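*Asks:* Structure below; questions to follow.
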């Protein structure tokens with residue numbers, strides 16, 4: 001077990017001053033319903049889901065009015081942050097949290113070296129549908145295509161393989177959830193495939 005980590009009961013975890021639920025988006029609503037009655041009235045709940053509109057809506061509906069809510073999305077993982085947090089980005093969506101507590105959270109994150117991006121759930125999901133969901137879509141497509149290292153390659157092809165390597169470290173469930181629960185992901189996929197079809201049409205004309 002990693003240093004500083006200890007196992008605790010679900011009840012004890014939910015009864016903390018700060019609760020950071022970490023689970024697949026598809027399980028988030030169900031876990032919230034079970035956790036809400038166990039939470040302290042002065043708790044802060046900060047999710048880390050890779051989409052924001054639906055998790056924020058679920059938290060507002062499930063959690064008592066006295067519980068503070070902050071939507072977050074750390075734009076890094078164990079691989080990308082293996083050398084440290086300096087310069088890594090985290091998106092914050094202020095939902096239901098007073099100025100004092102919010103400012104303390106922001107200050108802590110910045111002291112940790114993180115670049116804080118303050119945004120709305122809608123703007124987050126619109127941009128992440130391109131920067132994350134589309135990237136994973138391309139990576140998964142490369143995997144299905146059978147892309148692999150070649151002796152005769154180019155720097156551009158190496159960058160494509162880098163995308164493939166990044167997404168293959170994430171679970172299939174994360175990939176499915178980021179597309180299923182982001183309300184803008186489908187239209188972005190469609191726009192991308194239409195653009196590919198136009199380029200293909202130009203080559204065949």
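*Asks:* Filter the range 36-67 for residues that are assigned to a helix (DSSP H, G or I) and either in contact with a strand residue (DSSP E or B) (Cβ under 7 Å, 6 or more places away or on another chain) or at pLDDT below 95 (or both) and give the result.
*Replies:* Taking the range 36-67 and keeping what is assigned to a helix (DSSP H, G or I), we get 36-38, 53-62.
Hits for the range 36-67 are 55, 56, 59, 60.
*Asks:* Ok, one more. Tell me, please, whether a residue that is in contact (Cβ under 8 Å) with a residue 40 or more places away in the chain, out of contact with any strand residue (DSSP E or B) (no Cβ under 7 Å at 6 or more places or on another chain) and either in the same structural domain as residue 128 (by TED's automatic domain parsing) or within 23 Å of residue 91 (Cα to Cα) (or both) can be found in the range 14-24.
*Replies:* There is at least one residue in the range 14-24 that is in contact (Cβ under 8 Å) with a residue 40 or more places away in the chain, out of contact with any strand residue (DSSP E or B) (no Cβ under 7 Å at 6 or more places or on another chain) and either in the same structural domain as residue 128 (by TED's automatic domain parsing) or within 23 Å of residue 91 (Cα to Cα) (or both).
*Asks:* Okay, moving on. Scan the helices (runs of 4 or more DSSP H) fully inside the range 93-205 and keep the ones with 2 or more residues being without any contact (Cβ under 8 Å) to a residue 40 or more places away in the chain and under 22 Å from residue 24 (Cα atoms). Outline the logic, then answer.
*Replies:* Numbers: elements: 99-111, 121-128, 135-145, 155-168, 172-180, 185-204.
Output list reads 121-128, 135-145, 155-168, 172-180.
*Asks:* Could you count how many residues in the range 176-192 are within 13 Å of the chain's Cα centre (by Cα) and surrounded by 17 or more Cβ atoms within 10 Å (Cβ to Cβ)?
*Replies:* 5
*Asks:* Looking at (1) exposed (fewer than 12 other Cβ atoms within 10 Å of the Cβ); (2) under 19 Å from residue 47 (Cα atoms), can you tell me which one residue 172 breaks?
*Replies:* Of the numbered conditions (1) exposed (fewer than 12 other Cβ atoms within 10 Å of the Cβ); (2) under 19 Å from residue 47 (Cα atoms), the odd one out for residue 172 is (2).
*Asks:* Which count do you get for residues in the range 11-25 that are within 23 Å of the chain's Cα centre (by Cα) and assigned to a helix (DSSP H, G or I)?
*Replies:* 3
*Asks:* Where residues in the range 76-92 are in contact with a strand residue (DSSP E or B) (Cβ under 8 Å, 6 or more places away or on another chain) and touching a residue at least 24 places away in the same chain (Cβ under 8 Å), which of them is surrounded by the fewest Cβ atoms within 10 Å (Cβ to Cβ)?
*Replies:* 87
*Asks:* Among the residues that make up the range 100-117, is at least one of them touching a helix residue (DSSP H, G or I) at 6+ places or on another chain (Cβ under 8 Å) and under 25 Å from residue 177 (Cβ atoms)? Explain how you work it out, then say what you get.
*Replies:* Going through the range 100-117, the residues touching a helix residue (DSSP H, G or I) at 6+ places or on another chain (Cβ under 8 Å) turn out to be 116.
Checking which are under 25 Å from residue 177 (Cβ atoms) leaves us with 116.
Yes, that holds for at least one residue.
The values are calculated or read from the model by the stated rules, or taken from the named source; none is laboratory data. From a predicted model like this one, the values you see are computed outputs, not experimental measurements. Positions of Cβ are generated from backbone atoms using ideal geometry, with glycine treated the same way; all protein chains shown enter the neighbour counts.
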